[in-house]
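Attaching a single structure in structure tokens format; questions to follow.
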Amino acid sequence: METTKRLMATLLALSLSASATASTYYLDRFKIDKNGTDNWFNDPFSDGNPPPSSEGVFPNQSQGSYSTLPDSLPGPEQNGKLALDPSQGQSTTSSVSGNPILIQRARLQTSTDSSDLTTGLKSDDTFSVGGLFDLTPPEMSEVYGIRLTDFSSTSTANDVVQLTVGWNGSGEWGVRFREADFGAGIFDLLDFGNLSQRADLGDFEQIALFLDKADAGSSTITASYALIDLDDSGNNQFLDLAGSGTIFDGEEWTRAEFFTVRAVPVPAALPLFASALGLLAVFGRSRRTT
């Protein structure tokens, strides 16, 4: 009996340790170019104060700030980078799957006034939102990246496009371009840039993710990414993704954010736990039979 108890404890410990695996992802820079103005907003994460604090200043000299989940990102912010650890994220429920997730998110607080087309990111603007991350293969249950969203206290976020580093359903990791309507539970994959099969991936230390609105008269958002070689900028590679998303349906504004999400893997531990219980029952019956 003591042996079966030890076996059960071992299996349960293995299942829980597997579910607890998490990584830390590092964001080097978050920036927005707008209407031909480079660095309309630029946060280099170098002052040691994680979001909601921001170093970014808008052209009108107003200080940028973030709305965050949780209320303050733990960071740390050091050596010019912000650490993002989804295991320290806020517990919530996925709007798409209904499953529990952990999220760390910082949304830049820009205008949500549809009658004011001058401030913020509006339907008649051109803009490019970029996030520069250290290139890290994510855990299979995690993603990190950038997003455009119309979420607010009065909106269920029906116009969402995001670009993340994560896994596909075939066991490959790379860059995922997605469009979502969280209110309707729709989450469409527009394109996938496979990184797991690149033999030269070791040449690159960072990845830049971009969401672009190139036409002031259009609601179309396109995506691209760049692989960055810190030792040889001439080796940098810029790659466009296929497909496009559309936003500004019902409002004239969008807001930019960066985030990391982890799917809470508790259900994955249950089969191993059930197996442990099954083995305990089998050994118990065998012991009684003997």
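Do we have any residue at all in region 139-158 that's without any contact (Cβ under 8 Å) to a residue 40 or more places away in the chain, at negative phi and among the acidic types (Asp, Glu)?
The answer is no, given that none of the residues of region 139-158 is without any contact (Cβ under 8 Å) to a residue 40 or more places away in the chain, at negative phi and among the acidic types (Asp, Glu).
Please give the number of the condition ASP229 fails out of (1) at pLDDT below 95; (2) touching a helix residue (DSSP H, G or I) at 6+ places or on another chain (Cβ under 8 Å); (3) surrounded by fewer than 18 Cβ atoms within 10 Å (Cβ to Cβ).
Here ASP229 meets the rest and fails (1).
Can you tell me which residue within region 149-195, out of those that are among the aromatic types (Phe, Trp, Tyr) and in contact with a Lys or Arg (Cβ under 7 Å, 6 or more places away or on another chain), is modelled with the highest pLDDT? Show your work before the answer.
Within region 149-195, the subset among the aromatic types (Phe, Trp, Tyr) is 151, 167, 173, 177, 182, 187, 192.
Adding the requirement that they be in contact with a Lys or Arg (Cβ under 7 Å, 6 or more places away or on another chain) leaves 187, 192.
Details: PHE187: 87, PHE192: 98.
If we take residues in region 149-195 being among the aromatic types (Phe, Trp, Tyr) and in contact with a Lys or Arg (Cβ under 7 Å, 6 or more places away or on another chain), then PHE192 is modelled with the highest pLDDT.
Next question. Of the residues that sit in region 80-95 and are at pLDDT 95 or above and in a loop (DSSP other than H, G, I, E, B), which one is surrounded by the fewest Cβ atoms within 10 Å (Cβ to Cβ)?
Looking at residues that are at pLDDT 95 or above and in a loop (DSSP other than H, G, I, E, B), I get GLY80.
Would you mind finding the one in THR222, THR260 that is more than 24 Å from GLN109 (Cβ to Cβ), at pLDDT 95 or above and in contact with a strand residue (DSSP E or B) (Cβ under 8 Å, 6 or more places away or on another chain)? Can you show your working first?
On the way: THR260 fails: more than 24 Å from GLN109 (Cβ to Cβ).
Result: THR222 is the single residue among THR222, THR260 that is more than 24 Å from GLN109 (Cβ to Cβ), at pLDDT 95 or above and in contact with a strand residue (DSSP E or B) (Cβ under 8 Å, 6 or more places away or on another chain).
For GLY171, which of the numbered conditions (1) in contact with a helix residue (DSSP H, G or I) (Cβ under 7 Å, 6 or more places away or on another chain); (2) on the phi > 0 side of the Ramachandran plot fails to hold?
Among (1) in contact with a helix residue (DSSP H, G or I) (Cβ under 7 Å, 6 or more places away or on another chain); (2) on the phi > 0 side of the Ramachandran plot, the lone unmet condition for GLY171 is (1).
Something else: What are the residues in region 24-67 that are β-branched (Val, Ile, Thr) and buried (at least 20 other Cβ atoms within 10 Å of the Cβ), if any?
ILE32
Right, next: If you take the residues in region 109-131 that are of a type in the set (Val, Ile, Thr) and in contact with a strand residue (DSSP E or B) (Cβ under 7 Å, 6 or more places away or on another chain), which one is surrounded by the most Cβ atoms within 10 Å (Cβ to Cβ)?
Going residue by residue through region 109-131, those that are of a type in the set (Val, Ile, Thr) are 110, 112, 118-119, 126, 129.
Next, from what is left, pick out any that are in contact with a strand residue (DSSP E or B) (Cβ under 7 Å, 6 or more places away or on another chain): 110, 112, 126, 129.
Details: THR110: 19, THR112: 19, THR126: 16, VAL129: 28.
That would be VAL129.
Listed here are the residues, each with its yes/no results for (1) among the hydroxyl-bearing types (Ser, Thr, Tyr); (2) more than 18 Å from the chain's Cα centre (by Cα); (3) outside any loop (DSSP other than H, G, I, E, B); (4) at pLDDT 95 or above.
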| residue | (1), (2), (3), (4) |
| --- | --- |
| LEU7 | no, yes, yes, no |
| LEU12 | no, yes, yes, no |
| ALA18 | no, yes, yes, no |
| LEU27 | no, no, yes, yes |
| PRO50 | no, no, no, yes |
| SER53 | yes, yes, no, yes |
| ASN60 | no, yes, no, no |
| SER97 | yes, no, no, no |
| LEU117 | no, yes, no, yes |
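Next up: Sort out which residues of region 29-48 are part of a strand (DSSP E or B), acidic (Asp, Glu) and touching an Asp or Glu at 6+ places or on another chain (Cβ under 6 Å), and write them in order of number.
So the first thing to find is which residues in region 29-48 are part of a strand (DSSP E or B), and the list is 29-34, 37-43.
Keeping just the survivors that are acidic (Asp, Glu) gives 33, 38, 43.
Correct list: ASP43 only.
Within 23 Å of THR68 (Cα to Cα), surrounded by 14 or more Cβ atoms within 10 Å (Cβ to Cβ) and in contact (Cβ under 8 Å) with a residue 12 or more places away in the chain: which single residue out of PHE259, PHE192 fits that description? Break it down into steps so the answer makes sense when it comes.
Working: PHE192 fails: within 23 Å of THR68 (Cα to Cα).
When all the criteria are applied, what remains is PHE259.
Among the residues of region 196-212, is there at least one that is more than 21 Å from TYR26 (Cβ to Cβ) and in contact (Cβ under 8 Å) with a residue 40 or more places away in the chain?
Kept after step one, since they are more than 21 Å from TYR26 (Cβ to Cβ), are these residues of region 196-212: 197, 199-200, 212.
Imposing the further condition that a residue be in contact (Cβ under 8 Å) with a residue 40 or more places away in the chain reduces the set to 212.
There is at least one residue in region 196-212 that is more than 21 Å from TYR26 (Cβ to Cβ) and in contact (Cβ under 8 Å) with a residue 40 or more places away in the chain.
Still on this model: Does LEU102 qualify as being in contact (Cβ under 8 Å) with a residue 24 or more places away in the chain, in contact with a strand residue (DSSP E or B) (Cβ under 8 Å, 6 or more places away or on another chain), within 17 Å of ASP212 (Cβ to Cβ) and buried (at least 17 other Cβ atoms within 10 Å of the Cβ)?
Working: in contact (Cβ under 8 Å) with a residue 24 or more places away in the chain: yes; in contact with a strand residue (DSSP E or B) (Cβ under 8 Å, 6 or more places away or on another chain): yes; within 17 Å of ASP212 (Cβ to Cβ): no; buried (at least 17 other Cβ atoms within 10 Å of the Cβ): yes.
No, not satisfied.
Right, another one. Just wondering, is there one or more residues in region 189-197 that are in a loop (DSSP other than H, G, I, E, B), touching a helix residue (DSSP H, G or I) at 6+ places or on another chain (Cβ under 7 Å), over 30 Å from ASP113 (Cβ atoms) and of a type outside the set (Asp, Glu)?
Narrowing region 189-197 to residues in a loop (DSSP other than H, G, I, E, B): 195-197.
Going one step further and asking which of them are touching a helix residue (DSSP H, G or I) at 6+ places or on another chain (Cβ under 7 Å), we end up with 195.
In the following step, the residues that additionally are over 30 Å from ASP113 (Cβ atoms) were identified as 195.
With of a type outside the set (Asp, Glu) added as a condition, the list becomes 195.
Checking region 189-197: at least one residue is in a loop (DSSP other than H, G, I, E, B), touching a helix residue (DSSP H, G or I) at 6+ places or on another chain (Cβ under 7 Å), over 30 Å from ASP113 (Cβ atoms) and of a type outside the set (Asp, Glu).
Let me ask something else. Give me a count of the residues in region 132-169 that are part of a strand (DSSP E or B), crowded, with 20+ Cβ neighbours inside 10 Å and charged (D, E, K, R).
Residues in region 132-169 being part of a strand (DSSP E or B), crowded, with 20+ Cβ neighbours inside 10 Å and charged (D, E, K, R): 2 in total.
The values are calculated or read from the model by the stated rules, or taken from the named source; none is laboratory data. Since we're looking at a predicted model, the values are computed, not measured. Cβ: placed from backbone, ideal geometry, glycine included. Neighbour counts: every protein chain shown.
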